[in-house]
1. Does S92 satisfy the criteria of being among the hydroxyl-bearing types (S, T, Y) and at pLDDT 85 or above?
2. Residues being touching a helix residue (DSSP H, G or I) at 6+ places or on another chain (Cβ under 7 Å), part of a helix (DSSP H, G or I) and in contact (Cβ under 8 Å) with a residue 24 or more places away in the chain: count how many of those fall in segment 82-97.
3. Got a sec? Which of G49, G20 is open to solvent by less than 50 Å² (accessible area, probe 1.4 Å) and over 13 Å from the mean Cα position of the chain (by Cα)?
4. Can you name the residue in segment 23-41 that is in contact (Cβ under 8 Å) with a residue 24 or more places away in the chain and more than 15 Å from the chain's Cα centre (by Cα) and, of all such residues, is farthest from L80 (Cα to Cα)?
5. Can you say whether V4 is open to solvent by less than 80 Å² (accessible area, probe 1.4 Å) and either at pLDDT 85 or above or β-branched (V, I, T) (or both), as far as the supplied structure shows?
6. What are the residues in segment 7-32 that are outside any helix (DSSP H, G or I) and at pLDDT 85 or above, if any?
7. Just the residues that are of a type in the set (S, T, Y) and free of Cβ contacts under 8 Å to residues at least 24 places away in the same chain, please, taken from segment 1-22.
8. Cβ-Cβ under 8 Å, sequence separation 6+ or interchain: first residue in segment 57-81 and without any contact (Cβ under 8 Å) to a residue 24 or more places away in the chain and open to solvent by less than 40 Å² (accessible area, probe 1.4 Å), partner among the acidic types (D, E) and in a helix (DSSP H, G or I). Which pairs?
Amino acid sequence: MYLVQFLLLSAVLFCIGVYGVLARKNAVLVLMSIELILNAVNINLIAFGAFNRSLDAAVPAEVFALFIIAVAAAEVGVGLAMVLTIYRNRKSIDLTEVDMLRG
């Protein structure tokens, strides 16, 4: 397989994720879009690490990918806790109503 195929897949996932973050008002869908962006970065890291074919380049890429997976898991935990708190207070997870929680 060619490097270009992985880069195109990563670019498509990244663009879908950015569109989801910018266009959606539902907090859960925004969190899912952020996950798509992080997975696109992981695909890039692994693809470039495998493309170099040297042990020195492949291992750091895989380690960074594991760190990104850990950050994504923590983001999901914190994000869902925030969504549940917003839902308990407002009975809606619409992000346009979040600014009403100030004060």
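1. For S92, the condition - among the hydroxyl-bearing types (S, T, Y) and at pLDDT 85 or above - is not met.
2. 3
3. Step by step, each of G49, G20 is checked, and only G49 is open to solvent by less than 50 Å² (accessible area, probe 1.4 Å) and over 13 Å from the mean Cα position of the chain (by Cα).
4. K25
5. no
6. none
7. Y2, Y19
8. Pairs that qualify, where the first residue is without any contact (Cβ under 8 Å) to a residue 24 or more places away in the chain and open to solvent by less than 40 Å² (accessible area, probe 1.4 Å) and the partner is among the acidic types (D, E) and in a helix (DSSP H, G or I): there are none.
The values are calculated or read from the model by the stated rules, or taken from the named source; none is laboratory data. Computed from a predicted structure; not experimentally measured. Cβ: placed from backbone, ideal geometry, glycine included. Neighbour counts: every protein chain shown. All accessible areas refer to the heavy atoms of the entire protein, side chains included, with ligands and DNA or RNA removed. Shrake-Rupley method; radii C 1.70, N 1.55, O 1.52, S 1.80 Å.
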